[in-house]
Every structure is written in C-alpha cells, then in structure tokens.
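The block underneath contains the structure these notes are about, expressed in structure tokens.
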Amino acid sequence: MGWIAMGQRCIKGIGAYLPLLRLDRKAAARALAWTGLAAGKSGRRAVGGWDEDAATFAVEAARVSLPPGADVGNVIMATTSSPFFERSQAGLLVDALHLPSHVRTLDVGGSRRAAVSALLAALLDNTDTNTLIAAGERRPTKPGSALQLSWGDGGAAVLVGSEGGVHLLGYHSLSHDLVDVYSSRVHPTPYQSEERFIRDVTVGEILRPAITAALQTAGIAAGDISAAIVPEAVDGIYKALAGAIGLKAPNVAEKAAAVGGDLGTAHPLFALALALDAATAGDKLLLVGFGSGCDALVLEVRGPVHGAASASAAMTHGVVLDDYVRFLSLNGSLELDWGPRSELEQKTSASVLERYGRDMMGFIGGRDPSGISQFPKSRIPVAPGALAGQGVQDIRLADEIGKIVSITADRLNYSPDPPFHFGLVQFEGGARVLMEFTDIDRSSSPMVGDSVAMRFRIKSIDRRRGFRTYFWKAVPPQRPNLEN
C-alpha cells in the first residue's frame with residue numbers, strides 16, 4: 001500500500017496514436033462465417049501498416065505528449081511486441097525524437113501492465129527530471145482467433161514531471177502469476193486460458209483487493225471515481241468488478257477497445273488520455289495496469305494536460321478496412337508470393353548506421369547562414385561563395401510541413417501494400433528530399449503542391465537477417481473522418 005508525500009511528481013503531458021486503418025470486425029466475421037469462430041464481433045480494431053511496429057507507434061505518441069521545449073531526462077519504452085529481442089527500443093526513441101544522447105533509457109516489458117508500472121515508478125521518483133514513458137504494441141495473432149479481432153495496434157505516451165495537471169492520490173501493487181494469456185519465443189502467438197477461469201480469478205484475486213487497497217490509501221470511496229480505466233482480459237470483468245466494490249464510473253478502457261482494440265501495454269495510457277480529455281478539475285480517476293498482477297492508481301485531475309485531445313482525434317479519424325485478406329497480409333498472418341521484385345536484398349551496414357543513423361532517425365538536415373537548407377546535411381554550405389565551417393546549423397525536418405514537388409504511384413516496384421508511392425518533397429529553405437509516401441487513402445491521392453507532414457516509419461526490412469531500419473515518410477496532414 002502506498003502513502004503519497006506532498007510535492008509529488010505529476011502527469012504533465014500525454015499522447016495517443018492509432019494507425020490509419022481500422023478493420024471492421026463485422027467484415028472479418030463475414031469472411032470467417034463458415035468457421036463460426038468470429039460470431040457476434042462488432043466495432044473496429046486498429047491495423048498497423050506494413051511499415052509500422054511497436055517503436056513507430058511509441059514515437060508518434062511521444063511526439064504528441066511532449067510540450068514545446070520540454071526537457072526530457074529519462075525515456076522508458078514499454079512493449080510486449082518489440083521486433084528485437086536485443087536492441088533497445090528506448091534508444092530508438094531517443095534518436096527518433098532527437099533527444100540528447102545522455103538521456104537515461106530503459107526498456108520494460110514482460111506483461112501488459114509494464115507501462116503503468118513504469119508510470120507509477122516515475123510518479124514516485126523523488127527527482128525533478130522529466131520522464132517520458134512511451135508504449136507501443138503490434139502483437140502477432142493467429143487468423144480466426146478471438147484475440148486477433150479484439151486486440152489492436154497503436155501507442156500511447158505520458159510525460160511525468162514536477163509540475164502537471166494530474167496528481168497521484170494513492171496506489172497499490174499486487175503480483176500474481178495468472179496465466180491468462182501468454183506468448184513465448186517458441187509460441188509467439190498468444191495462447192489464452194478459459195474465459196470464465198480468467199474472469200473469476202482476475203476479479204476476485206487480483207483487481208478487487210488491489211483497487212480496494214488503492215482507494216483506501218487515497219482516502220476516497222469507489223463511488224467518488226469519475227472515470228475508470230480498467231483493461232479487460234475477457235468480457236464482463238469490469239461489470240463484475242464494479243458490482244463487487246461499488247464503482248459507478250464508466251470504464252473508458254472499454255470505449256477505447258471498441259474503436260481501436262485492446263492495445264496491450266499502451267491501452268491504459270491511451271484510455272487515460274481519453275478520460276483526461278473529458279475530465280474537469282477535481283475529478284478522481286482510477287487507472288489500472290493488469291497483467292501478471294495489477295497496479296491500481298488513484299489520480300486526481302487538477303488542471304489541463306498537454307496532448308489529452310489526441311486520443312479522441314485518433315479514434316474519430318481514419319479509414320475503414322473491410323478487406324479481410326488485406327488485413328491478414330498486413331497483420332503478417334498471410335504470406336503472399338510477391339514475385340522476384342520482392343527478393344531484393346536490403347542488408348544494412350552497421351558502420352553506415354553508426355556514421356549516419358542518428359541524423360537519419362531524427363531527420364536532421366542543415367541550414368547555412370543564408371537560410372538555405374539541405375538534407376543530408378553537409379559541413380559545406382549551399383550558398384554560392386560560402387566556405388566550409390561557416391555555421392551550418394542542424395534543423396529537424398521531422399517537425400516541418402513540406403510541399404509535394406512530384407509524386408508517383410508505382411505498381412512495378414515491390415511494396416507489401418501496393419501501390420508504392422514516392423516523390424520529391426520540398427521544405428522551407430529549399431531542401432528537396434526524395435521520400436516515400438504512406439497513409440494514403442485509396443479513394444483519393446495527394447497532388448503536386450499539397451502539404452505533407454512527417455511520420456516515423458520502417459524504411460526497410462531485411463527478412464533474411466531479421467533486421468529493420470527506420471526513417472521518416474510523408475503523409476497527408478489531416479486524416480479523413482471515420483464513417484459511423
């Protein structure tokens with residue numbers, strides 16, 4: 001049980017991100033109707049593009065969570081679906097966000113509550129250093145499984161510091177090795193136990209005692225909670241829990257799961273952003289991280305939080321996907337024969353990454369004293385007559401809006417999700433960069449002169465060696481409204 005000291009650390013920023021595509025579960029159910037495996041599924045789940053993974057989701061959520069000029073001293077990455085067993089995802093975040101290399105990094109995982117556990121640790125830290133906790137998930141699933149339709153892809157992030165709009169009133173942590181869902185290197189797709197067993201143990205042995213203790217620590221009753229964020233391993237958990245301890249508040253995690261799916265480690269933080277967007281000063285929130293036990297946090301809203309509107313925007317903007325075969329391909333559940341063009345070797349040299357990786361990951365160009373920009377940056381200014389060493393300054397093109405100079409939709413070059421869009425993008429100051437385009441709605445195509453924003457994405461995948469590289473791609477600045 002935790003007692004909270006005065007002058008504690010607070011949540012000062014939060015960000016949420018979902019990929020463009022949302023699978024219509026009814027369309028998937030129709031495709032699987034002959035099996036009877038997906039009956040009754042409704043709503044949508046977020047579907048990552050071929051060039052998205054846990055790291056790219058976390059980066060995009062983190063970008064939203066950071067107020068302008070925020071000083072970050074610690075970066076923590078939480079995920080159960082890292083594409084690497086040994087390569088720090090938190091280190092990737094540092095480079096992609098162009099944070100100082102002396103920032104402390106930590107990777108956490110092993111359970112779905114990892115992000116909430118990291119958040120709690122940051123809130124209890126007695127330093128005045130800002131800590132960024134970012135979470136992203138893209139978990140593999142088997143076609144036809146209930147989890148494939150109930151889970152989703154996405155990310156969320158929180159920034160903790162000495163001043164902020166959300167304070168911790170009380171908490172309780174409980175460790176319990178409940179094997180409700182597990183995955184392993186030998187069995188990378190999830191295996192789930194019987195639902196009634198999961199529900200009974202989760203409510204009676206984990207959530208009820210942990211939440212009751214957290215409420216007692218905070219000195220408030222269950223009925224005082226304005227909004228709850230309780231991820232549900234199986235349906236019906238929150239209803240049984242609320243009846244058992246007297247919770248009257250809606251479970252915001254359910255609303256998020258209905259629209260985007262269960263986002264694993266990112267789900268509680270995503271739903272927290274959704275709750276904060278609707279909260280007012282004085283509201284009490286219950287935040288639960290569940291998996292191999294529970295962390296129950298009682299929070300009080302005392303002011304606005306930067307980035308809180310991002311979850312609502314993510315849930316209401318996107319493109320409906322009703323092609324189950326395309327979903328299976330993007331999800332990695334269906335390996336198509338793309339022909340000889342897909343056999344291109346994409347080996348990445350570690351020495352090249354060492355020399356240029358940080359500038360590439362951060363999309364750092366150069367600007368000379370005359371204001372002319374270039375990418376890649378060079379120590380030699382572009383301005384006629386300028387000499388080397390005359391103050392070429394770093395500029396971060398990832399945060400700038402570009403203009404399309406040319407664009408081509410190519411079906412001859414290999415793309416795991418054709419067509420392959422590429423072209424020239426011009427930035428302020430004159431830098432022109434040959435870039436890939438992504439997140440393009442197939443009902444419309446960008447035109448020359450249109451504005452584009454930058455998104456952090458997978459650049460190439462070396463499937464033979466199991467390695468991937470990252471860079472930035474151009475996307476339309478605004479996503480379409482989702483159909484109701």
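The values are calculated or read from the model by the stated rules, or taken from the named source; none is laboratory data. What you see is a predicted model; the values in this text were computed from it and never measured. FYI the Cβ positions are ideal-geometry reconstructions off the backbone, even for glycines, and counts take in every protein chain you see.
With the structure loaded, tell me whether Arg185 is in the same structural domain as Thr35 (by TED's automatic domain parsing) and farther than 27 Å from Met315 by Cβ or whether it fails that test. It is true that Arg185 is in the same structural domain as Thr35 (by TED's automatic domain parsing) and farther than 27 Å from Met315 by Cβ. In the condition set (1) part of a helix (DSSP H, G or I); (2) within 27 Å of Arg138 (Cα to Cα), Ala213 is compliant with all but (2). Within the range 254-295, the set of residues being surrounded by fewer than 24 Cβ atoms within 10 Å (Cβ to Cβ), closer than 22 Å to Ile206 by Cβ and hydrophobic (A, V, I, L, M, F, W, C) comprises Ala257, Leu285.
Before we move on, is Asp337 surrounded by fewer than 24 Cβ atoms within 10 Å (Cβ to Cβ), touching a residue at least 40 places away in the same chain (Cβ under 8 Å) and either closer than 30 Å to Leu169 by Cβ or not hydroxyl-bearing (Ser, Thr, Tyr) (or both)? Criteria not met by Asp337.
The set of residues in the range 399-455 being closer than 20 Å to Gln374 by Cα, of a type in the set (Gly, Ala, Ser) and not in a loop (DSSP other than H, G, I, E, B) consists of Gly402, Ser406, Gly423, Ser451, Ala453. Checking every residue in the range 38-58 against the condition of being modelled with pLDDT of 90 or more, more than 17 Å from the chain's Cα centre (by Cα), outside any strand (DSSP E or B) and among the hydrophobic types (A, V, I, L, M, F, W, C) gives zero matches.
If you scan the range 151-170, which residues turn out to be more than 22 Å from Met77 (Cβ to Cβ) and either at pLDDT 95 or above or surrounded by fewer than 19 Cβ atoms within 10 Å (Cβ to Cβ) (or both)? Within the range 151-170, Ser162, Glu163, His167, Leu169, Gly170 meet the criteria. Counting only residues that are part of a loop (DSSP other than H, G, I, E, B), over 27 Å from Val179 (Cβ atoms) and either outside the structural domain of Leu263 (by TED's automatic domain parsing) or polar (S, T, N, Q) (or both), the range 94-123 holds 1 of them.
When Arg432, Arg468, Arg479 are checked against the criterion of being touching a residue at least 12 places away in the same chain (Cβ under 8 Å), closer than 17 Å to Leu21 by Cα and surrounded by 14 or more Cβ atoms within 10 Å (Cβ to Cβ), Arg479 stands alone in meeting it. Can you pull out every residue in the range 124-138 that is surrounded by 24 or more Cβ atoms within 10 Å (Cβ to Cβ) and closer than 25 Å to Leu178 by Cβ? Ile133, Ala135, Gly136, Glu137, Arg138 - these are the residues of the range 124-138 that are surrounded by 24 or more Cβ atoms within 10 Å (Cβ to Cβ) and closer than 25 Å to Leu178 by Cβ.
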